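Quick notes on the structure that follows.
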Amino acid sequence: MRMKQYFLFILVVFSPFLGFSQYQSGMRLERYAGLYGTAINPAALSFTPARWEVSLGAFDVFAHQNYGRALRTSVPDLLRNPESLALLEDIATNPDGPANSQIPVAFYNRGRVFGQVQTRVAGPGFALRLAQQHSVGLSISARFMLSSYRIPSLFRYDNISNLQYGQTYNVDKVKLSTMAWNEIAGHYAYRNFDGDILFSVGITPKFLTGFQGAYTAVNADFDYTPISADTIDIGSANWAFGFTNDIAYAADPATYRPRANGFGGGVDLGFSWAMPKEDPDAAEDYLWRAGVSLLDVGAVRFNRNAEAHRIQFSQIATVAGDTLEAAANIGPEQAVQTLSDVLLGDPNASRTANGFTVGLPTVLSAQFDYGFTPHIYVQGVVTQRLPIFKNALKSPNMLAVVPRFEHQWFSFSVPLVLNDYRFLRVGLGARLGIIYFGTDNLGSWTGQRSLTGTDLYAGVKINGFKIRGGKKRQSNRGGLRARDRRWKNVGCYNQ
């Protein structure tokens with residue numbers, strides 16, 4: 001397959017201009033979500049009807065951007081026929097070509113460029129309720145994220161393809177961060193009654209191992225003037241960037257093996273309040289539940305195989321393009337040193353430190369769930385990104401309404417998701433026994449007029465059960481009644 005098709009495929013679905021996994025609404029919001037639900041609110045452990053659970057593994061992927069789009073296609077179609085990608089303008093100028101078999105790629109031409117790529121692969125984990133009021137758990141996961149919400153419109157395809165020699169362009173501020181890391185997370189939730197309301201608080205402390213990280217920050221706008229095909233003028237600069245260099249500087253990157261280049265910590269904190277039903281079967285049966293949570297507070301400090309740079313000047317600098325191109329062909333280390341030498345007069349002047357910090361994608365979230373019948377619920381969720389660290393990753397803002405049918409052995413949901421409060425997506429999620437799967441962007445898999453990203457998740461989790469034999473016992477499956485909410489009478493769904 002030609003390199004052009006590879007480029008177009010990556011650009012449309014997993015472009016470097018993309019800024020995840022989002023929040024997998026159909027997987028994390030039901031009462032049986034348990035460990036999966038802690039990604040939205042750590043207090044969720046208090047409301048799962050299962051006394052115990054074991055997760056065998058899960059994964060999710062999310063991507064969304066506003067740079068390019070594939071027309072009238074789907075992700076399965078792209079995966080089957082990546083060689084069919086072609087620029088819409090090329091198809092238009094070649095009317096005799098096989099237009100019906102090609103997948104047109106077009107580009108947006110207004111506003112700032114933004115986007116996200118996020119993936120998570122979760123390994124084994126477990127959760128257990130102790131003494132009715134306490135729930136504990138442990139999980140591990142590997143995550144990757146690349147995010148940006150500050151790439152100037154000058155870099156859009158139509159603009160960058162039509163730069164005029166001798167014309168000065170103003171380049172606005174730029175922010176981009178990426179990181180691959182591992183999390184070992186502990187989970188704890190406590191529940192008790194506060195009057196008639198069941199109250200819960202949960203916390204998820206995390207130990208973080210950073211494998212790869214990088215950031216770019218253009219902290220002030222500057223003038224850019226293309227003089228000729230191989231010469232440019234830069235009016236000023238206040239640039240900062242950092243990266244882990246063990247892959248970039250490796251003699252053979254194909255033989256690279258993951259290694260820990262940094263460590264850090266993080267925490268999730270959540271609170272929930274629930275009104276029990278008038279005649280519940282268990283403490284976890286509620287008429288409504290409300291929650292608020294602060295997620296992914298923390299950072300990773302990279303101090304192995306890491307370098308941070310700053311390039312700052314106020315005078316006009318002239319750069320010969322062939323100089324940088326020749327350095328890049330030698331290798332990225334030489335390219336960085338050459339850039340420093342050309343702009344600062346010293347190949348080592350830009351390097352300011354042998355380490356840097358990348359913050360987690362902190363968000364503030366609120367949730368409200370209402371049970372219309374014993375099996376039909378509707379939940380609303382809002383998340384707002386809240387970056388704390390200077391080079392923090394950024395999650396998308398989200399507003400979701402998720403109606404669902406929920407049973408002990410299966411559930412179905414239809415998430416209605418508004419990404420960044422602008423882009424409406426319709427999803428479909430399901431739990432069949434121990435298998436969870438779904439998407440918050442169903443159209444990306446069935447066909448869309450404009451494909452700008454995708455979302456997919458799946459998991460295998462065993463919710464606690466007990467096989468009863470012999471004489472049938474009469475039980476209220478919990479013992480919690482509106483007239484008697486003393487904890488000595490509160491049972492668990494699966495006891």
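Overview of values
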item	result
Where a residue in segment 253-270 is among the hydroxyl-bearing types (Ser, Thr, Tyr) and its partner, wherever it lies, is at pLDDT below 85, with Cβ under 8 Å and at least six apart	Tyr256/Ala250
Qualifying residue in segment 420-442 (condition: at positive phi and in a strand (DSSP E or B))	yes
Selection from segment 105-136 of residues that are part of a strand (DSSP E or B), closer than 25 Å to Arg191 by Cα and in contact with a Lys or Arg (Cβ under 9 Å, 6 or more places away or on another chain)	Gly125, Leu128, Arg129, His134, Ser135, Val136
Search result, residues across segment 65-80 that are within 24 Å of Phe155 (Cβ to Cβ) and among the basic types (Lys, Arg)	Arg69
Members of segment 146-165 that are touching a Lys or Arg at 6+ places or on another chain (Cβ under 9 Å), part of a strand (DSSP E or B) and either more than 16 Å from Arg110 (Cα to Cα) or of a type in the set (S, T, N, Q) (or both)	Ser147, Ser148
Flag for Ala189 being touching a helix residue (DSSP H, G or I) at 6+ places or on another chain (Cβ under 7 Å), crowded, with 16+ Cβ neighbours inside 10 Å and either more than 16 Å from Thr244 (Cα to Cα) or not hydroxyl-bearing (Ser, Thr, Tyr) (or both)	yes
Identity of the residue in segment 346-361, polar (S, T, N, Q) and surrounded by fewer than 22 Cβ atoms within 10 Å (Cβ to Cβ), that ends up nearest to Val267 (Cα to Cα)	Thr357
Filter result for Thr383 (more than 21 Å from Pro42 (Cβ to Cβ) and either crowded, with 19+ Cβ neighbours inside 10 Å or out of contact with any Leu (no Cβ under 8 Å at 6 or more places or on another chain) (or both))	no
Residues of segment 220-266 that turn out to be surrounded by 16 or more Cβ atoms within 10 Å (Cβ to Cβ) and closer than 29 Å to Leu163 by Cα, as a count	13
Residue in segment 99-116 that is surrounded by 17 or more Cβ atoms within 10 Å (Cβ to Cβ) and closer than 30 Å to Leu35 by Cβ present	yes
Identity of the residue in segment 390-416, under 18 Å from the mean Cα position of the chain (by Cα) and closer than 13 Å to Met27 by Cβ, that ends up surrounded by the most Cβ atoms within 10 Å (Cβ to Cβ)	Pro415
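The values are calculated or read from the model by the stated rules, or taken from the named source; none is laboratory data. Values in this document were obtained by computation on a predicted structure and should not be read as measured data. Reconstructed Cβ throughout: ideal geometry from the backbone, glycine too, with neighbour counts over all protein chains shown.
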